[in-house]
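Heads up: the structure comes next, in structure tokens.
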Amino acid sequence: MRLLERMRKEWFMIGIVLAIAGAKLEPSVGVNGGHYFRVLPGLGCWCSDRCSLCWAVCRPLKPEITVSYIAVATIFFNSGLSLKTEELTSALVHIKLHLFIQIFTLAFFPATIWLFLQLLSITPINEWLLKGLQTVGCMPPPVSSAVILTKAVGGNEAAAIFNSAFGSFLGIIITPLLLLLFLGSSSSVPFTSIFSQLFMTVVVPLIIGQIVRRYIKDWLERKKPPFGAISSSVLLMIIYTTFCDTFSNPNIDLDKFSLILILFIIFSIQLSFMVLTFLFSTRNNSGFTPADTVAIIFCSTHKSLTLGIPMLKIVFAGHEHLSLISVPLLIYHPVQILLGSVLVPTIKSWMVSRQKGVKLTRPTV
């Protein structure tokens with residue numbers, strides 16, 4: 001029972017593994033260009049390649065349409081539908097906190113990674129994995145994990161919600177600019193095409209989702225649809241087709257040495273930035289409460305997989321090394337959840353002790 005419960009909670013992580021394994025076993029199914037599913041034996045096959053082991057109704061998956069447009073638009077329509085904008089108003093006035101998180105996330109983080117990669121470029125680590133590290137630095141904060149962990153600790157949840165949502169909105173504009181600034185020569189898509197596709201598949205569905213929410217708000221509050229599970233399921237489809245492109249390309253080779261080093265580097269980056277944001281936000285003249293510090297630690301160091309993978313799919317559309325570029329972000333996501341979860345008791349203990357200390361030192365009237 002415990003194993004089943006654990007699997008239920010970690011179904012998305014298991015789904016990522018299965019998606020990549022499925023792409024490895026049958027990459028032709030989800031590769032760009034309209035490859036085909038196979039049909040049941042005896043029903044015939046209309047595939048151009050004539051299937052020998054048929055198992056499903058023959059039809060094109062066409063990820064260049066179903067994934068690049070429909071799947072991405074579905075994720076952001078879902079986000080617009082689920083985002084409770086009324087919960088953000090209470091946190092709106094805390095300008096200093098918001099500036100700290102957004103500047104750290106979308107300016108300091110990518111710039112520091114760029115400087116670090118100048119040193120790593122002389123190592124034998126796969127160059128496309130290093131480029132993937134840079135894309136991680138350019139991503140906005142997530143809407144889910146940072147908020148969940150901030151709430152688990154008892155930190156400033158309203159600030160975490162605001163900055164996660166606001167960071168996602170900023171990311172729609174700033175992240176592609178940062179990707180083109182640091183990795184512009186790697187993109188095979190014209191600048192105007194990137195933003196027109198982002199607008200149609202990200203901004204428009206997000207706005208439509210918010211508009212629809214206004215009319216069915218009561219129903220949503222009553223039924224509580226599984227928004228997170230829906231977005232995660234669609235995201236697994238995007239991950240699957242991304243790796244189908246990789247495994248169908250015989251020229252791509254990923255060595256285990258590079259992968260292990262990238263995992264270690266990602267863990268080190270996250271831990272270092274969490275310590276750095278903690279030190280900055282707990283200075284005597286910082287003006288941040290212990291609850292604010294908790295929100296800062298998680299929102300400043302976490303990166304969005306939900307926004308990141310679709311955006312990479314758009315910016316690097318057709319790039320033969322897209323999946324390798326995506327690998328660091330796929331690693332970063334579970335690491336940030338694992339590391340954050342492990343540190344929750346420690347951070348919570350610190351926050352409670354600091355809050356007690358503030359109450360004891362507060363003058364009585």
Can you confirm whether segment 314-329 contains a residue that is farther than 21 Å from Leu263 by Cα, touching a Leu at 6+ places or on another chain (Cβ under 9 Å), surrounded by 21 or more Cβ atoms within 10 Å (Cβ to Cβ) and not β-branched (Val, Ile, Thr)? yes
Restricting attention to helices (runs of 4 or more DSSP H) lying wholly within segment 259-365, give those where 3 or more residues are among the basic types (Lys, Arg). 322-361
If Ile194 passes every condition in (1) farther than 16 Å from Ile314 by Cβ; (2) at pLDDT below 85; (3) part of a helix (DSSP H, G or I) but one, which one does it miss? (1)
So for segment 279-301 (the condition being in contact with a helix residue (DSSP H, G or I) (Cβ under 6 Å, 6 or more places away or on another chain) and closer than 23 Å to Trp11 by Cα), does at least one residue qualify? yes
Pick from segment 279-296, criterion in contact (Cβ under 8 Å) with a residue 12 or more places away in the chain and among the aliphatic types (A, V, I, L, M), ranking: surrounded by the fewest Cβ atoms within 10 Å (Cβ to Cβ): Ala291
Sole miss for Val204 among (1) modelled with pLDDT under 80; (2) closer than 19 Å to Tyr69 by Cα; (3) of a type in the set (A, V, I, L, M, F, W, C) is condition (1)
Taking Cys299 and the conditions (1) closer than 17 Å to Ala160 by Cβ; (2) surrounded by fewer than 22 Cβ atoms within 10 Å (Cβ to Cβ); (3) of a type in the set (A, V, I, L, M, F, W, C), which numbered condition does it fall short on, given that it satisfies the others? (2)
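To keep it simple, each residue is scored yes or no on (1) out of contact with any Cys (no Cβ under 8 Å at 6 or more places or on another chain); (2) modelled with pLDDT under 60; (3) within 30 Å of Met274 (Cα to Cα).
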position	(1), (2), (3)
Leu40	no, yes, no
Leu61	yes, no, no
Thr66	yes, no, no
Leu83	yes, no, yes
Phe104	yes, no, yes
Would you pick out the residues in segment 103-136 that are crowded, with 21+ Cβ neighbours inside 10 Å and under 17 Å from Ile297 (Cβ atoms)? Phe104, Thr105, Leu106, Phe109
Only one of (1) touching a residue at least 40 places away in the same chain (Cβ under 8 Å); (2) surrounded by fewer than 21 Cβ atoms within 10 Å (Cβ to Cβ); (3) assigned to a loop (DSSP other than H, G, I, E, B) fails for Pro142. Which number is that? (2)
Only one of Thr89, Thr112 is among the hydroxyl-bearing types (Ser, Thr, Tyr), over 26 Å from Thr242 (Cα atoms), at pLDDT 75 or above and part of a helix (DSSP H, G or I). Can you tell me which? Thr112
Condition test on Ser188, is it modelled with pLDDT under 75 and assigned to a helix (DSSP H, G or I)? no
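The values are calculated or read from the model by the stated rules, or taken from the named source; none is laboratory data. The structure displayed is predicted, hence computed values, not measured ones. Cβ atoms come from the backbone with ideal geometry, glycine included; neighbour counts cover every protein chain shown.
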